[in-house]
Amino acid sequence: MSEARRFTVHVDVERCIGAGHCVMRAPKIFDQREDGIVILLDPHPPLDQLAAAEKAADLCPSQVITIDAAP
Amino acid sequence: MSPLDASSAPRFPFRRSEPLQPPAEYAAARATQPIVPVTLWNGRRAWLVTRYEDLRSIVTDERFSGAFAHPDFPSVTEARVVVDKQERAFVGMDNPRHDHYRRMFTKEFSTRRMMALRPRMEAIANRLVDDLVAQPRPADLVEHLAVPFPSLVMCDLVGSPYEDHAFIIRCAAGRHGLLQTPADAEQKARELADYFMRLIRRKEAEPGDDMVTRIIDEHVRPGNLSREDFAEIGAMILRAGHDTTTNMIGLGTLILLHHPEQAAAVRDRPEVVAGAVEELLRYISPVQFAPRRVALEDVAIGDVVIRKGDGVFALNPAANRDPAAFADPDRFDVHRDASHHVAFGFGIHQCLGQILARVELQVVFPLLLRRLPTLHVSAREGEIRFKDDMQIYGVHNLPVAW
């Protein structure tokens with residue numbers, strides 16, 4: 001696996017309601033602040049994290065996670 | 001599609017013909033006319049939304065309002081209209097006000113904090129099962145476990161004395177019934193908010209290690225949150241925390257006991273438990289007439305136009321049985337991935353206490369089944385009373401033996 005094989009994750013922190021699905025699904029990419037609001041740990045995760053990131057984006061109730069296949 | 005005042009719109013809510021299945025009308029609508037008009041108690045029309053994707057798109061669309069006090073907000077009873085009009089908690093607000101208030105409370109219900117409650121929950125559940133086995137058989141699982149377990153957890157978390165829990169449950173039932181009078185619903189709502197105001201004042205005088213004390217320190221004293229608004233939000237949290245998990249435990253136990261192999265998997269295989277709880281949430285969907293919205297402008301969805309001022313029930317029990325989202329949806333299967341269910345709603349109003357509820361259920365089911373491996377329903381035909389008289393579905397009683 002080359003270092004270049006990564007994708008991109010965006011979050012809109014302003015609209016996050018802190019439901020926490022992303023942390024449960026993709027703990028290598030997301031964490032929560034003490035008040036529950038999302039922290040993006042890794043905006044360019046390796047491709048083996050793509051399925052977890054997509055599941056997190058799907059479950060996010062306020063739909064603030066976007067996934068871009070480009071690194 | 002015909003306009004919403006089409007005379008064919010049937011009266012809503014429907015009756016269930018099978019107690020463990022949603023009303024048959026939902027599947028019929030989903031297959032033919034997935035957004036369908038109905039008539040409410042006051043003669044007004046509203047739309048039912050029965051497909052999973054339609055539910056998710058409507059509740060995340062700001063052309064639909066979730067403001068309970070909106071004059072056209074749809075409701076299943078006259079009593080509910082009265083309390084909706086007075087709702088001052090963020091559950092009934094649109095953004096930006098919703099997020100402003102909700103964010104003061106997210107920390108209290110965060111994943112980390114809820115996971116940390118696990119050992120305490122296990123101790124509470126074990127003590128209640130001790131009490132249950134001391135009862136003559138058959139004993140009522142609702143009375144001895146489903147009601148007191150979430151109540152004790154909630155009292156711990158919030159900081160309210162446990163001896164008040166019967167009062168809190170009465171107030172919640174006054175809000176969530178289908179048969180109570182508007183005056184009774186209004187009085188119960190008022191009593192619970194007044195109760196919470198007294199709790200705030202008590203915690204101001206005698207702080208504890210609890211939610212009320214922390215919110216006072218972090219938001220009330222600095223002036224971000226008035227005591228009155230906190231009392232309304234606190235009443236909402238108490239109602240939600242007592243009533244919903246109770247119904248999941250009662251009905252969830254009944255369903256697991258109907259599926260002994262799956263119950264054995266929940267009992268013996270810890271890796272099955274989290275998924276089983278998601279499947280129970282999907283299958284039961286106890287908050288049965290939610291989410292609700294009102295259209296702020298005309299919105300076209302498929303071949304339907306929802307007009308400005310029309311009410312919408314985006315029915316999570318219908319969406320959670322949509323075959324486009326869940327294969328063979330009427331089959332109960334703890335081994336499926338049901339995690340994308342919408343039993344907690346979707347969009348900004350998705351349940352604040354959902355992690356609490358999940359952890360409670362993840363603790364209680366395997367513990368109960370391990371402690372009482374011969375647990376079985378012990379009821380005469382018709383003895384189990386299903387909550388056809390309540391907005392939150394469940395069982396009033398569940399006679400069990402072991």
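The values are calculated or read from the model by the stated rules, or taken from the named source; none is laboratory data. These numbers were taken from a predicted model, which means no experiment stands behind them. All Cβ positions, glycine included, derive from the backbone under ideal geometry; neighbour counts span all protein chains shown.
Just to be sure, is A:ILE67 under 21 Å from B:ARG102 (Cβ atoms) and either hydrophobic (A, V, I, L, M, F, W, C) or free of Cβ contacts under 8 Å to residues at least 24 places away in the same chain (or both)? Criteria not met by A:ILE67.
Candidates are the residues of region B:91-142 that are of a type in the set (D, E, K, R) and buried (at least 16 other Cβ atoms within 10 Å of the Cβ); the one that is nearest to the other protein chains (Cβ to nearest Cβ) is B:LYS107.
Inclusion of B:ILE384 among residues that are within 14 Å of chain A (Cβ to nearest Cβ) and assigned to a loop (DSSP other than H, G, I, E, B) is not warranted.
Listed conditions (1) under 19 Å from the mean Cα position of the chain (by Cα); (2) of a type in the set (D, E, K, R); (3) over 25 Å from B:GLY174 (Cα atoms) are all met by B:ARG63, apart from (1). Do we find a residue being farther than 19 Å from B:PHE109 by Cβ, free of Cβ contacts under 8 Å to residues at least 40 places away in the same chain, more than 14 Å from chain B (Cβ to nearest Cβ) and surrounded by fewer than 18 Cβ atoms within 10 Å (Cβ to Cβ) anywhere in region A:2-19? Checked region A:2-19: at least one residue is farther than 19 Å from B:PHE109 by Cβ, free of Cβ contacts under 8 Å to residues at least 40 places away in the same chain, more than 14 Å from chain B (Cβ to nearest Cβ) and surrounded by fewer than 18 Cβ atoms within 10 Å (Cβ to Cβ).
Answer yes or no as to whether B:GLU360 is modelled with pLDDT of 95 or more and more than 30 Å from B:PRO119 (Cβ to Cβ). Considered against the rule, which asks whether it is modelled with pLDDT of 95 or more and more than 30 Å from B:PRO119 (Cβ to Cβ), B:GLU360 comes out as no. Total residues in region B:26-45 satisfying the condition of being out of contact with any helix residue (DSSP H, G or I) (no Cβ under 9 Å at 6 or more places or on another chain) and assigned to a helix (DSSP H, G or I): the figure is 3. Of the candidates A:ALA57, A:ALA52, the single residue that is aliphatic (A, V, I, L, M) and under 27 Å from B:PRO96 (Cα atoms) is A:ALA57.
Looking only at residues of region A:29-48 that are away from chain B (no Cβ under 11 Å) and without any contact (Cβ under 8 Å) to a residue 24 or more places away in the chain, we find that the one that is farthest from B:SER110 (Cα to Cα) is A:LEU41. Picking from residues in region A:32-63 that are of a type in the set (S, T, N, Q) and not in a loop (DSSP other than H, G, I, E, B), the one that is surrounded by the fewest Cβ atoms within 10 Å (Cβ to Cβ) is A:GLN49.
Go through the residues of region B:318-333 one by one and say whether even a single one is surrounded by 19 or more Cβ atoms within 10 Å (Cβ to Cβ) and not in a loop (DSSP other than H, G, I, E, B). Within region B:318-333 (the criterion being surrounded by 19 or more Cβ atoms within 10 Å (Cβ to Cβ) and not in a loop (DSSP other than H, G, I, E, B)), the answer is yes, since at least one residue qualifies. Name the residues in region A:57-68 that are away from chain B (no Cβ under 11 Å), out of contact with any Leu (no Cβ under 8 Å at 6 or more places or on another chain) and hydrophobic (A, V, I, L, M, F, W, C), would you? Correct list: A:ALA57, A:ILE65. Here B:ALA46 passes the criteria (1) surrounded by fewer than 18 Cβ atoms within 10 Å (Cβ to Cβ); (2) more than 12 Å from chain A (Cβ to nearest Cβ) except the one numbered (1).
Here B:THR374 passes the criteria (1) of a type in the set (Val, Ile, Thr); (2) within 21 Å of the chain's Cα centre (by Cα); (3) exposed (fewer than 15 other Cβ atoms within 10 Å of the Cβ) except the one numbered (2).
Is it true that B:PRO37 is surrounded by 12 or more Cβ atoms within 10 Å (Cβ to Cβ) and either without any contact (Cβ under 8 Å) to a residue 60 or more places away in the chain or closer than 13 Å to B:ALA314 by Cβ (or both)? Judged against the criteria, B:PRO37 is a match.
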